[in-house]
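*Asks:* Provided herewith is a single structure, encoded as structure tokens, for subsequent inquiry.
The values are calculated or read from the model by the stated rules, or taken from the named source; none is laboratory data. For clarity, every value in this text was computed on a predicted model and none was experimentally measured. Please note: Cβ atoms are built from the backbone with ideal geometry, for glycine as well, and neighbour counts cover all protein chains shown.
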Amino acid sequence: MRTQIVNKAEPPVRWDLPSAVLQGSALTRAQITTAPHALYGIQGKADPGSYTTVDGKPLSAATTSVAGTAIIQATFVPNDSAHYRSSIASTALTIKPSSTTAAIDFGDAKQAIQGFGGSAAWYYSKMSENRLNELFGTGLPDSLGLSILRLRIAPADWNASTQAADTSQWFAELENGAAAQARGALVFASPWSPPASMKIVNMDRSSPL
């Protein structure tokens, strides 16, 4: 005859995330808005005296001085103690930053802002005088007064027969750059892309290298 020992089962326990607490507040069990509960209809409740941090400190000893996440744990005690034993569950408590008053020291410069502007990339025609005055001027009531203009250096396909490049896409941007500069704007340009004839992946490059 053999004796078989059947140990009590440990109920599967879930602890939903509680509401966040404010940085600097005293941490108490009353602030924990959720509690551990068992799955599959196993009845029971958390032991009120078992709430601690993950390292075993009582909540009263925990600190919320630093914003972030605190791991807390508690013991779930099943009603059916004849068949189930207690189970420890844990969850993450978010400590959200407290509101503070910002102080701006305008005398402590960190980085100089040279101006504000925009780009004229793919603007294929010269801007009208009215538009230029609205964007880069300062005399009109609705003038933006932009002080920087970035131009696009469009790809220029090289013609081997004429030994020249097609720079027709540059004309409008050059005119816009000159007009913006005449109104006091800083103008700079940057290459956008190599011409299609220099791209091995382009459709017009069908012959192998």
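*Asks:* Got a sec? Which of 114, 163, 169 is touching a residue at least 12 places away in the same chain (Cβ under 8 Å) and loosely packed, with under 10 Cβ neighbours inside 10 Å?
*Replies:* On the way: 163 fails: touching a residue at least 12 places away in the same chain (Cβ under 8 Å); 169 fails: loosely packed, with under 10 Cβ neighbours inside 10 Å.
Only one candidate qualifies: 114.
*Asks:* So, one more: Considering (1) within 30 Å of residue 180 (Cβ to Cβ); (2) touching a strand residue (DSSP E or B) at 6+ places or on another chain (Cβ under 6 Å), say which one residue 77 fails and leave the rest.
*Replies:* In the conditions (1) within 30 Å of residue 180 (Cβ to Cβ); (2) touching a strand residue (DSSP E or B) at 6+ places or on another chain (Cβ under 6 Å), residue 77 misses (1) alone.
*Asks:* Next question, about the same structure. So which residues in region 145-186 are among the hydrophobic types (A, V, I, L, M, F, W, C) and closer than 15 Å to residue 123 by Cα?
*Replies:* Residues of region 145-186 among the hydrophobic types (A, V, I, L, M, F, W, C): 146, 148-149, 151, 153-154, 156, 158, 160, 164-165, 170-172, 174, 178-180, 182, 185-186.
149, 151, 153, 154, 170, 171, 172, 174, 178, 179, 180, listed by residue number.
*Asks:* Related question: Kindly evaluate residue 75 against the criterion of being assigned to a strand (DSSP E or B), touching a helix residue (DSSP H, G or I) at 6+ places or on another chain (Cβ under 7 Å) and modelled with pLDDT of 85 or more.
*Replies:* On the way: assigned to a strand (DSSP E or B): yes; touching a helix residue (DSSP H, G or I) at 6+ places or on another chain (Cβ under 7 Å): yes; modelled with pLDDT of 85 or more: yes.
So residue 75 passes the test.
*Asks:* Related question: If you check residue 100 against the conditions, is it part of a loop (DSSP other than H, G, I, E, B), surrounded by 10 or more Cβ atoms within 10 Å (Cβ to Cβ) and of a type in the set (S, T, N, Q)?
*Replies:* Details: part of a loop (DSSP other than H, G, I, E, B): yes; surrounded by 10 or more Cβ atoms within 10 Å (Cβ to Cβ): no; of a type in the set (S, T, N, Q): yes.
Considered against the rule, which asks whether it is part of a loop (DSSP other than H, G, I, E, B), surrounded by 10 or more Cβ atoms within 10 Å (Cβ to Cβ) and of a type in the set (S, T, N, Q), residue 100 comes out as no.
*Asks:* Regarding residue 25, is this residue modelled with pLDDT under 90 and either polar (S, T, N, Q) or under 30 Å from the mean Cα position of the chain (by Cα) (or both)?
*Replies:* Details: modelled with pLDDT under 90: yes; either polar (S, T, N, Q) or under 30 Å from the mean Cα position of the chain (by Cα) (or both): yes.
Taking the combined requirement at face value, the residue satisfies it.
*Asks:* Can you name the residue in region 14-51 that is crowded, with 16+ Cβ neighbours inside 10 Å and in contact with a helix residue (DSSP H, G or I) (Cβ under 7 Å, 6 or more places away or on another chain) and is also nearest to residue 97 (Cα to Cα) among such residues?
*Replies:* 21
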